[in-house]
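Q: The structure is given below, and queries will be raised subsequently.
Coordinate-derived values only; no laboratory data. Fair warning: this is a prediction, and the values are worked out from it, not measured in the lab. Cβ coordinates were reconstructed from backbone atoms using ideal geometry, including for glycine residues, and neighbour counts include every protein chain displayed.
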């Protein structure tokens with residue numbers, strides 16, 4: 001789960017994240033707590049710097065799954081007097097997004113929706129109608145509406161957001177594409193969510209694809225429509241990039257993970273076909289020339305992958321060891337994809 005609209009981490013939060021990555025949760029917590037105490041001592045209760053420090057605490061606690069504590073901290077940040085400067089108000093909007101994310105994580109979707117609608121109204125006021133800032137506020141609300149069965153409104157919101165971002169040529173259009181693609185499937189529209197990507201440079205296309213596969217690599221209640229999104233995305237990346245490109249490999253890996261997460265309702269043929277393409281592409285370039293003729297891929301009932309390599313000849317002992325190592329690395333690479341984005 002992502003927190004929308006967050007600024008780059010402050011120096012104390014950066015330090016806390018580094019400590020958390022090293023496994024030192026207690027010191028990480030102390031870093032942001034100490035920064036909040038310093039802000040209170042210097043600027044006083046109700047000050048904007050103290051609100052920013054509270055939000056840093058909220059972001060850290062959200063990251064480690066302490067959603068109730070994070071929600072309290074974001075709420076404190078939101079309860080301070082409204083800043084009078086534009087940057088301060090942008091921060092306030094970020095605090096509101098943080099509070100909404102905590103409510104959502106705490107399984108309070110109705111309360112989260114209420115706050116996200118307030119975020120949209122605030123963003124419209126703050127940035128203006130038809131602005132990229134408004135579009136950025138529409139996407140998290142649409143994402144929540146999709147999950148709570150309000151697909152028609154979600155699709156309308158994403159149409160609005162997408163048109164705004166495309167008109168402005170704004171690079172954040174890549175973050176709107178995953179939710180828009182799912183919303184189109186949810187309401188049964190036949191629009192190609194990826195058609196316009198043909199007009200974007202490779203770096204933005206790769207970023208958009210990464211957003212889709214990270215968002216949709218695991219199935220939930222939206223499993224069937226996510227399957228359709230990934231099928232469409234594979235058609236696009238096959239045309240745009242072809243075999244072996246990271247975007248294609250990540251899309252195939254997402255299909256493997258998503259069909260596996262669907263359990264008994266997953267399409268095992270599609271899952272095995274996607275896995276074979278990833279594993280074959282990895283292995284064929286690393287195994288001695290013309291040794292690997294074919295590779296059968298299947299999955300055990302418990303989910304364990306099963307490989308049957310067909311060889312052109314009997315390998316010598318060195319080649320046999322190399323073959324086993326490469327296939328093991330190929331499987332590890334498959335399950336490491338796609339890399340998860342940071343929640344911060």
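Q: Is it possible to state the helix-based mean residue ellipticity at 222 nm for the chain, with each DSSP H run of 4+ residues giving -39500 (n - 2.57), the sum divided by total residues, to the nearest 500 deg cm²/dmol? What is it?
A: Theoretical 222 nm ellipticity from helices: -22500 deg cm²/dmol.
Q: Can I ask one more? Cα centroids of the range 25-46 and the range 262-341: how far apart, whole angstrom?
A: Centre-to-centre distance over Cα atoms comes out at 50 Å.
Q: To continue, here is another question. Specify the angular offset, from 0 to 90 degrees and rounded to the nearest 10, of the alpha carbon long axis of helix 268-283 from the longest principal axis of the alpha carbons in the chain.
A: The angle comes out at about 80 degrees.
Q: What number, in nm² with one decimal, is the all-direction average of the projected area of the convex hull of the alpha-carbon atoms of the chain?
A: 19.9
Q: Turning to a different aspect of this structure: Evaluate the distance, in nm, between pseudo-label points positioned 7 Å from the Cα of residue 22 and of residue 311 along their respective Cα→Cβ axes.
A: For the pair residue 22/residue 311, the computed spacing is 4.7 nm.
Q: For the range 290-307, list residues with backbone N below 20 Å from a point placed 7 Å from the Cα of residue 273 toward its Cβ?
A: What the label zone holds, given the 20 Å backbone N cut-off, is 294-300, 305-307.
Q: Sticking with this structure for a sec: To the nearest 0.05, what FRET efficiency results for residue 196 and residue 318 with a Förster distance of 41 Å applied to their C-beta separation?
A: Efficiency, from the Cβ-Cβ distance: 0.25.
Q: Sort 6-15, 268-277 for me by packing, meaning the mean count of neighbouring Cβ atoms within 10 Å per residue, highest on top.
A: Packing proxy ranking, top to bottom: 268-277, 6-15.
Q: Determine, for each peptide in 177-183, 122-128, the mean count of other beta carbons within 10 angstrom over its residues, then list the peptides with the highest first.
A: The most tightly packed comes first, giving 177-183, 122-128.
Q: Can you tell me the FRET efficiency between residue 296 and residue 15 if r is taken as the Cβ-Cβ distance and R0 is 51 Å, rounded to the nearest 0.05?
A: Between residue 296 and residue 15 the formula returns 0.55.
Q: May I ask you to order 295-307, 162-174 by the average number of other C-beta atoms within 10 Å around their residues, highest value first?
A: Order by mean packing, descending: 162-174, 295-307.
Q: Something else about it: Just grab the label-to-label distance for residue 264 and residue 86, each label 7 Å out from Cα along the Cβ direction, in nm (one decimal).
A: Simple spin-label model gives 5.8 nm for this pair.
Q: If you find the alpha carbon centre of the range 105-122 and of the range 145-175, how far apart are they in angstrom?
A: So the separation of the two Cα centres works out to 17 Å.
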